[in-house]
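What follows is a set of notes on a single structure, which appears directly below.
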Amino acid sequence: MRNKSILPVLLVLVMIFSGCAVKWPWTKKTTMSRVTPDGLYQQAVEYYQDGSYKKSVEIFQRLKEEYPLSKLAILAEMGIADSYFSGKDYFEAELAYREFLNLHPTNENLSYVMYQIGMCHFNQISTIDRDQSETFKALKEFERLTARFPSSKFSFLAEKMIRECKKILGEQEFYVGEFYFNIKQYRAALRRFEKIVRDYANVGLDYKVSYYIIESKRRLAEAEAKNKPEKKK
């Protein structure tokens, strides 16, 4: 599996995007009561910052259930999703992000949430010799984001991920095409290489794909000429 370095930015960005006036100290623990919405939220944030994602989910969930009308309840919902994501539990993370989308269809952080759904799939992509269903799912989610929020800063990030997904899919097609080429199944190889030209152009594969297309056609022509019966004199 590929190494992914993109992590959630909820704890920085959401406070900016939401316009929330609450300010939290990041470098030390406080003595504020842990049974208030503010106290629970800060406790969950501290667990998150320490990498204790299961505990942060637990406290965010408590805040959400005990104070559903608090202005921090929505942030707690997103905190649950981000905690799962940072803990690499992408299945639960996606469920939590989708629940947020369903419950808050007009929330100003939807572009972020949609981006994270795409990343849940992207982070599960296997090597090019394996099934690429997660790549297709990630591509679909990123394209959905850019179509819905074209001017969002997360759409800008999604555009880069779309190109990366297409490159991975193109690389798999090339991997299979080259295999067919090496076993002299030139017609099957040609179909794969032509699919790359059609569906995955401009992702860094064009030059070598062009070579293999030309070479596949040349060898097909040679084989046809060789097998063509000679005319009787």
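The values are calculated or read from the model by the stated rules, or taken from the named source; none is laboratory data. Since the structure is predicted, the reported quantities are computational estimates derived from the model, not experimental observations. Positions of Cβ are backbone-derived with ideal geometry, glycine not excepted, and every protein chain shown enters the neighbour counts.
Within region 86-122, track down each residue that is more than 21 Å from Q49 (Cβ to Cβ) and of a type in the set (S, T, N, Q).
N102, T106, N107, S111
Taking the criterion of being modelled with pLDDT of 95 or more, buried (at least 18 other Cβ atoms within 10 Å of the Cβ), under 27 Å from the mean Cα position of the chain (by Cα) and not in a helix (DSSP H, G or I), would at least one residue in region 177-186 satisfy it?
Scanning region 177-186 turns up no residue that is modelled with pLDDT of 95 or more, buried (at least 18 other Cβ atoms within 10 Å of the Cβ), under 27 Å from the mean Cα position of the chain (by Cα) and not in a helix (DSSP H, G or I).
Going residue by residue through region 215-231, is there one that turns out to be touching a Gly at 6+ places or on another chain (Cβ under 9 Å) and either modelled with pLDDT under 95 or over 26 Å from Y90 (Cβ atoms) (or both)?
Kept after step one, since they are touching a Gly at 6+ places or on another chain (Cβ under 9 Å), are these residues of region 215-231: 216.
Pick out the ones that are also either modelled with pLDDT under 95 or over 26 Å from Y90 (Cβ atoms) (or both) and you get 216.
Yes, region 215-231 contains a residue that is touching a Gly at 6+ places or on another chain (Cβ under 9 Å) and either modelled with pLDDT under 95 or over 26 Å from Y90 (Cβ atoms) (or both).
Just checking, which of L101, L75, L63 is part of a helix (DSSP H, G or I), within 30 Å of K167 (Cα to Cα) and of a type in the set (A, V, I, L, M)?
Numbers: L75 fails: within 30 Å of K167 (Cα to Cα); L63 fails: within 30 Å of K167 (Cα to Cα).
Within the list L101, L75, L63, the selection yields L101.
With respect to Y47, determine if the residue is touching a helix residue (DSSP H, G or I) at 6+ places or on another chain (Cβ under 8 Å), part of a helix (DSSP H, G or I) and free of Cβ contacts under 8 Å to residues at least 60 places away in the same chain.
yes
Can you tell me which residues in region 140-160 are surrounded by fewer than 22 Cβ atoms within 10 Å (Cβ to Cβ), of a type in the set (A, V, I, L, M) and within 17 Å of Y97 (Cβ to Cβ)?
Hit for region 140-160 is L157, nothing else.
If you scan region 104-130, which residues turn out to be part of a helix (DSSP H, G or I) and among the polar types (S, T, N, Q)?
S111, Q116 - these are the residues of region 104-130 that are part of a helix (DSSP H, G or I) and among the polar types (S, T, N, Q).
Looking at T30 and the list (1) part of a loop (DSSP other than H, G, I, E, B); (2) modelled with pLDDT of 95 or more, which single condition is not satisfied?
Answer for T30: the failing condition is (2).
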